[in-house]
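Have a look at the structure below before the remarks.
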Amino acid sequence: MVATSVWHYKKQTDAEPVVVPVVQEFGEHVEDCSLTLNNVTQDNAGIYQFSFTTNISTLNLTNEDGVTLEITDLKVDMVSELGIVLEGKWVKLFCGTCIPSVTLPTYIWHKDGRPHSRIHGVNQLDLQEAKPEDSGSYSCSIGGQEGLLSSPVNCTVEWAPKNVSVSITPSGEIVEGSSVTLTCSSDGNPPVKIYTWFKGSTSVGEGKTYSIPNIRSEDSGEYTCQSRNDHGERRSTAVYLNVLYPPKNVSVSISPSGEIVEGSSVTLTCSSDGNPPVKIYTWFKEGGTSPVGSGQNYSFSLNPRSDGLYYCEAHNDYGSLRSASVPVVLNGQSLSLYVTTVVGFCGVVALLVIGFCSRCKRRRQNRKTDNHDFQNADPTAEEDTYTALDLKSRTNDNV
């Protein structure tokens, strides 16, 4: 009968043996001489020997070769289609190598420390079309020993930019002269670092934000942002900047143009640029104390009291502006702008000058004709005249 028994341990066969009572350090010594090791780690690997004595002999009977215990860790290996885990591509996870077992084991997969799936007999987890939500820390265990997890492996799914959008600060109405900032947001892995801003099809800036200080009416338009990372680029949907501003470029035109007979109708039209568009127009005649009309067009019949300078004032929600004055003149039986009167006056003067020159020319021609007739007259006529007046040459008989 066995009197005493003990277990001994050494790390390596060729190393200087160090005998350690295993009973005290690694397990329990029970009547059947078995040894139980709890919470096995790599430190438990080595050679175990058992020796005992009997009641008949005091010699220690020892198994010199002992029993070699090898500890194998579960390990997860990851293989992907492109060397990286890219969204939409496959990735495979392997739980260790072949694990000897009389029956096929069940492999239990864990993601971020929580059970993910159970696969019987196959140590492979397939992610056919990887998605961002597949990213995480994966480990595995064997059925029946779920608490003994493998060391984890990180699976990080990468993807090109998506969900690209633009926000406007401040929100609400944008008034000319204020400052506006556009901010680009996107979802990508690795994170987006290159942003390009466009107004229409023209590049206007770089960076995650695009600021417009002292915004003007010409800054109105559609803006987009383009996001780029290592896996591609994507552009946002367009946002429209609608810059509001008071009336500008206010002017007045007159219809019909040219001379108009008294009693006819004339229409003054006010034009302007504003956002929102101008809807309130007020007409004034200089020298008056109150408006003479309203609306974009102002029509009236011509009479002697129509003379004067007229202007319009355009008004929207953000301000007002008046036009330059337009002169309207009633001259005799016709109405014209001052410039038309000046042109008519110049025409009359020109006609008078032409008439005067023609008259002078005719006078010069008449003088030349008289002189020519005198030079060609009969020379004896003059002599007859003087003879008739010469009384001395007359005879006594004629007295």
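Worth pointing out:
- Failed condition for residue 336, given (1) open to solvent by 50 Å² or more (accessible area, probe 1.4 Å); (2) under 54 Å from the mean Cα position of the chain (by Cα); (3) modelled with pLDDT under 85: (1)
- The stretch 286-306, subset under 21 Å from residue 261 (Cβ atoms), open to solvent by less than 70 Å² (accessible area, probe 1.4 Å) and not polar (S, T, N, Q), residue nearest to the chain's Cα centre (by Cα): 298
- Any chance residue 223 is closer than 30 Å to residue 167 by Cβ, part of a strand (DSSP E or B), in contact (Cβ under 8 Å) with a residue 40 or more places away in the chain and among the hydroxyl-bearing types (Ser, Thr, Tyr): yes
- Residues in the stretch 125-146 that are of a type in the set (Asp, Glu) and either outside any loop (DSSP other than H, G, I, E, B) or open to solvent by less than 30 Å² (accessible area, probe 1.4 Å) (or both): 126, 133, 134.
- The residue list 262, 158 contains one member that is in contact (Cβ under 8 Å) with a residue 12 or more places away in the chain, in contact with a strand residue (DSSP E or B) (Cβ under 7 Å, 6 or more places away or on another chain) and open to solvent by 60 Å² or more (accessible area, probe 1.4 Å), which is 262.
- Selection count, the stretch 165-181, where residues are in a strand (DSSP E or B) and open to solvent by 70 Å² or more (accessible area, probe 1.4 Å): 1
- Residue in the stretch 93-107 that is touching an Asp or Glu at 6+ places or on another chain (Cβ under 8 Å), more than 28 Å from residue 204 (Cβ to Cβ) and outside any loop (DSSP other than H, G, I, E, B) present: yes
- Residue 122 vs. criteria in a loop (DSSP other than H, G, I, E, B), in contact (Cβ under 8 Å) with a residue 12 or more places away in the chain and more than 30 Å from residue 227 (Cβ to Cβ): yes
- Taking the criterion of being within 35 Å of the chain's Cα centre (by Cα) and surrounded by 17 or more Cβ atoms within 10 Å (Cβ to Cβ), the residues of the stretch 236-259 that qualify are 236, 243, 244, 245, 246, 247, 250.
- Against the test of being under 23 Å from residue 318 (Cα atoms) and of a type outside the set (Lys, Arg), the options 300, 198, 284 yield a single qualifying residue, 284.
- For the stretch 36-80, filtered to residues that are open to solvent by 60 Å² or more (accessible area, probe 1.4 Å), within 30 Å of residue 128 (Cα to Cα) and among the β-branched types (Val, Ile, Thr), the residue that is modelled with the highest pLDDT is 79.
- Inspection of the stretch 182-200 identifies at least one residue that is in a loop (DSSP other than H, G, I, E, B), farther than 29 Å from residue 80 by Cβ and open to solvent by 30 Å² or more (accessible area, probe 1.4 Å).
- Residue within the stretch 268-278 that is among the hydroxyl-bearing types (Ser, Thr, Tyr), over 33 Å from the mean Cα position of the chain (by Cα), farther than 24 Å from residue 245 by Cβ and surrounded by 14 or more Cβ atoms within 10 Å (Cβ to Cβ) present: no
The values are calculated or read from the model by the stated rules, or taken from the named source; none is laboratory data. As the structure is a computational prediction, the values presented were derived from the model and not from experiment. Don't worry about glycine lacking a Cβ; one is built from the backbone with ideal geometry, like all the others, and counts go over all protein chains shown. Side chains are part of the model used for accessible areas, which takes the heavy atoms of the whole protein and leaves out ligands, DNA and RNA. Shrake-Rupley method; radii C 1.70, N 1.55, O 1.52, S 1.80 Å.
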